[in-house]
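The values are calculated or read from the model by the stated rules, or taken from the named source; none is laboratory data. Computed from a prediction, not measured in an experiment: that's the story for all the values here. Here Cβ is always computed from backbone atoms with ideal geometry, including for glycine, and neighbour counts include all displayed protein chains. Heads up: the accessible areas ignore ligands, DNA and RNA and are worked out on the full protein's heavy atoms, side chains in. Shrake-Rupley method; radii C 1.70, N 1.55, O 1.52, S 1.80 Å.
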Amino acid sequence: MPEYRAPTRDVRFVVNELFGLEEYGHLPGFDMATPDMVDAIVEEAGRFCSDIIAPLNQVGDREGCTLHPDGSVTTPTGFKDAYRQYCESGWGTLGLPAEFGGQGMPHVLHAVFEEFLSAACHAFMMYPGLTHGSVSAIMSHGSDELKATWLPRLVSGEWLGTMALTEPHCGTDLGLLRTRAEPLADGSYAITGEKIFHSGGEQDLTGNIVHLVLARTPEAPAGTRGISLFVVPKFLLDADGSPAERNGVRCGSIEHKMGIHGNATCVSNFEGAKGWLVGEENKGLAAMFVMMNAARLSVGAQGLGQAENAMQNAARYACERQQGRAMGQRQDAGAAADPLIVHPDVRRLLMDARAFTEGMRALLLWGSLQVDLAHKAESAEEREAADALISFLTPVIKGFGSDRGFQTTVDMQQILGGHGYIAEYGMDQFVRDARVAMIYEGANGVQALDLAGRKLVRDGGAVAKRFFALISNECAAAGKELGFIADPLGKAVHHGEAAAEALLANGAQDPDALGAGSYAFMELAGTLALGLMWLRMARTAADKLAAGEGDPAFYEAKLVTARFYAEQRLPLATAYRHRAKAGAEAMMAIPAAVLAGEA
Ligand SMILES: Cc1cc2nc3c(=O)[nH]c(=O)nc-3n(C[C@H](O)[C@H](O)[C@H](O)COP(=O)(O)OP(=O)(O)OC[C@H]3O[C@@H](n4cnc5c(N)ncnc54)[C@H](O)[C@@H]3O)c2cc1C
């Protein structure tokens, strides 16, 4: 059975040593995040996720959720009790606003917790996972009345939030959605329609569920300009604000799916359910994007978490399982065989996983710090710069993080050979669970389009240029001892600049050329972003070693992993650049009927 230990030492390195979170102590909420407090929170979060949540992972996979004839859903054994402990310990409130009962800590710490929780049990994480985004959407677009009614109990975790966008005929293209919202005399709306793939649409963890639903009012224009957002609770509230009458929304069925069996993916039927408008009519997509952007960072955390858990188990296995003889020095001349970990090809997989997980963790947390700074930095200029940066990085964190997260679970499964393929060792579950992160919250192809087609194009490449210049400058400023990564990264970033220019130029001639190169550009941006993280981590590690501070083995491992990243991952930048600028001709030339085998 797989075992998970939250990587608390590495998180403390990133938050306290790499970012120096205390330097932001003058900003609201950061004053509480002293290094001691960060250490205490990270260690306790690690214990909670490793000891309480991780043992539920296989139970959830085996049992799945049960739908009852009355439309109620039972979650797997242990989920309810674990959720009670989650609320009692206040984990859900960590980064939420103090004015509604949250702890008001930096978002960075919430992101740390999300990685641990996803790694421990992805299916469990998804129940509370969308509540943060629901709170943000209502906070930023809801009326005072909506905030007062729904936020305190969403923040406390007494109720959970969901998002209901997808319909049978409408996934990526939300402009097609048909769910109707008819105005009622009391100012509320009657919501009618069918939503599918509705995560946590029904569950037995909380006394009420607060759905954020996209729907169209009667006179709404067609397409995305006619979509509004509504709060639709499972139970309507009585005069005291307690859940009372059942609202007109029911779970019709739950999906049988490849992974995350412990999470109920529902078909939800809204039959004249009472709902309240969030923000302005026809501006629902903007409000929903507040939730979706938060959720996309969470999905990056899911990719990372799955990869980390799979890596821990594969590394342990590689140390124990004896097969073959080392090509170089044998570990134990008397033994019949050496452990797998002596083989360079097994090391290749493990080092790649290590370079991804540690680099991705730094990127996720750096991105989360930008979320904090976008709201809390002192000057408008700093807030705008942080907002632009995280807007550019969000599709990278989601798309690249979940792609590489999934690939890492497959690589770690490979280390167990045939034992990785059979259920007993649990490696198959990492692969099955991680796969969905590439699909939901906007499939990764759509993330790439968001990056290249929107974020790059909308300002003529200005934010991308600033990001690449930041990397170039840090490479140029790096001392000689960091040349092993600064030099190749400095060269690789030119490929980023060239790819961005080519996409902008080609895209102006032919929109398909932009679409054709967007995925490679996302991979290139992710590769460079992790390169920047590795340069920074190498610098911090070298400084610590020079100062004789802390555990040298930890910092030496950072330097070696940075070298591995420079040797094995940065060379890919050349290929991504060529793919990004190749254009669409060969991609689009063959008629659809030929591809479908019909002609
Ligand atoms: C387990 C699970 C849980 C989910 N939870 C939720 C939830 O809680 N709430 C919710 O509302 N939805 C949820 N979803 C739905 C999910 O967000 C959608 O499945 C996803 O956005 C893709 O939509 P689709 O499945 O309709 O695929 P489609 O939109 O049909 O897309 C299929 C493929 O075509 C590509 N594609 C589509 N359009 C374009 C384009 N214009 N350019 C380039 N490529 C394109 C996509 O990248 C994708 O690879 C969930 C899905 C799953 C599987």
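The figures follow:
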read-out	value
Unique match (being away from the ligand (no atom under 16 Å from the Cβ), among the aromatic types (Phe, Trp, Tyr) and under 24 Å from the mean Cα position of the chain (by Cα)) among 79, 124, 100	79
Scan of the stretch 179-202 for residues that are within 16 Å of the ligand (Cβ to nearest atom) and either among the hydroxyl-bearing types (Ser, Thr, Tyr) or on the phi > 0 side of the Ramachandran plot (or both), ordered by number	179, 193, 197, 199, 200
Residue satisfying condition, being modelled with pLDDT of 95 or more and either in contact with a helix residue (DSSP H, G or I) (Cβ under 7 Å, 6 or more places away or on another chain) or surrounded by fewer than 16 Cβ atoms within 10 Å (Cβ to Cβ) (or both), within set 241, 248, 272	272
Residue within the stretch 75-92 that is over 19 Å from residue 116 (Cβ atoms), open to solvent by 20 Å² or more (accessible area, probe 1.4 Å) and in the same structural domain as residue 209 (by TED's automatic domain parsing) present	yes
Among residues of the stretch 402-430, those that are in contact (Cβ under 8 Å) with a residue 60 or more places away in the chain and hydrophobic (A, V, I, L, M, F, W, C), counted	6
Residue under evaluation residue 483, criteria (1) open to solvent by less than 30 Å² (accessible area, probe 1.4 Å); (2) in contact (Cβ under 8 Å) with a residue 24 or more places away in the chain; (3) not hydrophobic (A, V, I, L, M, F, W, C), criterion not met	(2)
Some residue of the stretch 210-227 being modelled with pLDDT of 95 or more, closer than 21 Å to residue 437 by Cα, surrounded by fewer than 23 Cβ atoms within 10 Å (Cβ to Cβ) and within 15 Å of the ligand (Cβ to nearest atom)	no
Residue in the stretch 518-537 that is in the same structural domain as residue 472 (by TED's automatic domain parsing), open to solvent by 80 Å² or more (accessible area, probe 1.4 Å) and touching a residue at least 12 places away in the same chain (Cβ under 8 Å) present	no
Per-region count, the stretch 546-598, residues under 25 Å from residue 482 (Cα atoms) and either open to solvent by less than 60 Å² (accessible area, probe 1.4 Å) or of a type outside the set (S, T, N, Q) (or both)	31
From the options 256, 261, residue that is touching a helix residue (DSSP H, G or I) at 6+ places or on another chain (Cβ under 6 Å) and either open to solvent by 20 Å² or more (accessible area, probe 1.4 Å) or among the aromatic types (Phe, Trp, Tyr) (or both)	261
Hey, residue 511 touching a Leu at 6+ places or on another chain (Cβ under 6 Å) and either over 22 Å from residue 408 (Cα atoms) or outside the structural domain of residue 571 (by TED's automatic domain parsing) (or both) or not	no
Hits in the stretch 425-451 - residues which are of a type in the set (A, V, I, L, M) and away from the ligand (no atom under 11 Å from the Cβ)	427, 431, 434, 451
Residues located in the stretch 153-174, provided they are under 25 Å from the mean Cα position of the chain (by Cα), of a type outside the set (Val, Ile, Thr) and either away from the ligand (no atom under 11 Å from the Cβ) or in a loop (DSSP other than H, G, I, E, B) (or both)	153, 154, 156, 157, 158, 159, 160, 165, 168, 171, 173
Residue among 130, 109, 67 that alone is of a type outside the set (Gly, Ala, Ser), more than 16 Å from the ligand (Cβ to nearest atom) and in contact (Cβ under 8 Å) with a residue 12 or more places away in the chain	109
Near pairs, Cβ below 6 angstrom, 6+ apart or cross-chain, from the stretch 10-32 (at pLDDT 95 or above) to any residue that is among the hydroxyl-bearing types (Ser, Thr, Tyr) and not in a loop (DSSP other than H, G, I, E, B)	17/540; 18/540
Qualifying residue in the stretch 158-173 (condition: touching a Cys at 6+ places or on another chain (Cβ under 8 Å) and open to solvent by 40 Å² or more (accessible area, probe 1.4 Å))	yes
